[in-house]
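The block underneath contains the structure these notes are about, expressed in structure tokens.
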Amino acid sequence: MAPTPRQLAHEQTMADILRIAHRQLGTEGSAGLSLRAIARELGLVSSAIYRYVPSRDELLTLLIAESYNSFGDAVQAAESRCKRDDFGRRWLALGRAVRRWAVANPAEWALLYGSPVPGYHAPPERTTEAGSRVPLLLLTLLADADLKPSADDPPMTAALHRELERLRPGLPGELPPEVLGRGLLAFSSLCGLVSLELFGQFTNTVTQFAGHLDHQLARLGELMGLPEPY
């Protein structure tokens, strides 16, 4: 059934609200999001916008879910263009795409991976699936590469081993806890490198950001046990 004019108008207004909210993120930051300001820009009375978005927290949740999916789409598109058996190339493409999206969307990156918004807690039932897309791409890569525990893996406490073991049923393939630990280290390191760049923490040190990232991706790929790109 085709959407009614009323439904189309509602969808367009929601799209406009999110478009303006993304712009506010870039100029005011997440703490400066204002439904009243969005209403003014859309020519709505203040009370009318709450029929679309009932609260600032709801607006934040919508922005987070949309940003995670935009992020996931971009990284997945880049990674999917690689040959499936070129595991090193897939990791390099994934890492480069993470940085590329973050540089193009710094306000959204800060919303996803920066400081938490005071007083706001993202509802996991609405954000976890979207937020897991990129980490799961990496874990799928590691499962495809069929990596095994190694003598080079540092000792792991029994409690941590049990914790990582409990995660396995919901993860791709049969990732041993040691390999899962390598993946978690690589992803957190990647996010840290990108955040340090975007938040200006490399002042007076690194200026060749793309080259630096490639260098560190190669090191992280080696640490995970991935072959070099061919």
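Would you pick out the residues in the range 139-180 that are hydrophobic (A, V, I, L, M, F, W, C) and either over 25 Å from ARG84 (Cβ atoms) or touching a residue at least 60 places away in the same chain (Cβ under 8 Å) (or both)?
Hits for the range 139-180 are LEU141, LEU142, ALA145, LEU147, ALA151, MET156, ALA158, ALA159, LEU160, LEU164.
Among the numbered conditions (1) open to solvent by 40 Å² or more (accessible area, probe 1.4 Å); (2) touching a residue at least 12 places away in the same chain (Cβ under 8 Å); (3) within 30 Å of LEU220 (Cα to Cα), tell me where ILE64 comes up short.
Single failed check for ILE64: (1).
Looking only at the range 179-209, count every residue that is within 23 Å of ARG133 (Cα to Cα) and either among the hydrophobic types (A, V, I, L, M, F, W, C) or open to solvent by 50 Å² or more (accessible area, probe 1.4 Å) (or both) and tell me the total.
13
In this structure, is ALA37 open to solvent by less than 20 Å² (accessible area, probe 1.4 Å) and over 16 Å from the mean Cα position of the chain (by Cα)?
Here the answer is no, as ALA37 does not meet what is asked.
Evaluate the following for LEU141: is it touching a helix residue (DSSP H, G or I) at 6+ places or on another chain (Cβ under 8 Å), outside any helix (DSSP H, G or I) and aliphatic (A, V, I, L, M)?
no
Going residue by residue through the range 111-123, is there one that turns out to be among the hydroxyl-bearing types (Ser, Thr, Tyr), open to solvent by 60 Å² or more (accessible area, probe 1.4 Å) and outside any helix (DSSP H, G or I)?
Scanning the range 111-123, I find at least one residue that is among the hydroxyl-bearing types (Ser, Thr, Tyr), open to solvent by 60 Å² or more (accessible area, probe 1.4 Å) and outside any helix (DSSP H, G or I), so the answer is yes.
Looking at the range 153-165, can you tell me whether even one residue there is open to solvent by less than 60 Å² (accessible area, probe 1.4 Å) and of a type outside the set (A, V, I, L, M)?
yes
Could you list, in sequence order, the residues of the range 70-92 that are assigned to a helix (DSSP H, G or I), open to solvent by 60 Å² or more (accessible area, probe 1.4 Å) and in contact (Cβ under 8 Å) with a residue 24 or more places away in the chain?
The answer is GLN76, ARG89.
Does at least one position in the range 115-132 carry a residue that is free of Cβ contacts under 8 Å to residues at least 60 places away in the same chain and within 14 Å of CYS191 (Cα to Cα)?
There is at least one residue in the range 115-132 that is free of Cβ contacts under 8 Å to residues at least 60 places away in the same chain and within 14 Å of CYS191 (Cα to Cα).
Quick check on the range 130-149. Is at least one of its residues among the polar types (S, T, N, Q) and either exposed (fewer than 12 other Cβ atoms within 10 Å of the Cβ) or touching a Gly at 6+ places or on another chain (Cβ under 7 Å) (or both)?
No.
Rundown of residues vs (1) closer than 23 Å to ARG89 by Cα; (2) in contact with a Cys (Cβ under 7 Å, 6 or more places away or on another chain); (3) aliphatic (A, V, I, L, M), yes/no style:
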| position | (1), (2), (3) |
| --- | --- |
| ARG133 | yes, no, no |
| LEU137 | yes, no, yes |
| ASP144 | yes, no, no |
| SER150 | yes, no, no |
| ALA159 | no, no, yes |
| ARG166 | no, no, no |
| PRO169 | no, no, no |
| PRO172 | yes, no, no |
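The values are calculated or read from the model by the stated rules, or taken from the named source; none is laboratory data. Please read these numbers as outputs of a predicted model, since none were measured by experiment. Using ideal geometry, Cβ is built from the backbone for each residue, glycine included, and neighbour counts are taken over all protein chains shown. Note: areas computed on protein heavy atoms with side chains; ligands, DNA, RNA excluded. Shrake-Rupley method; radii C 1.70, N 1.55, O 1.52, S 1.80 Å.
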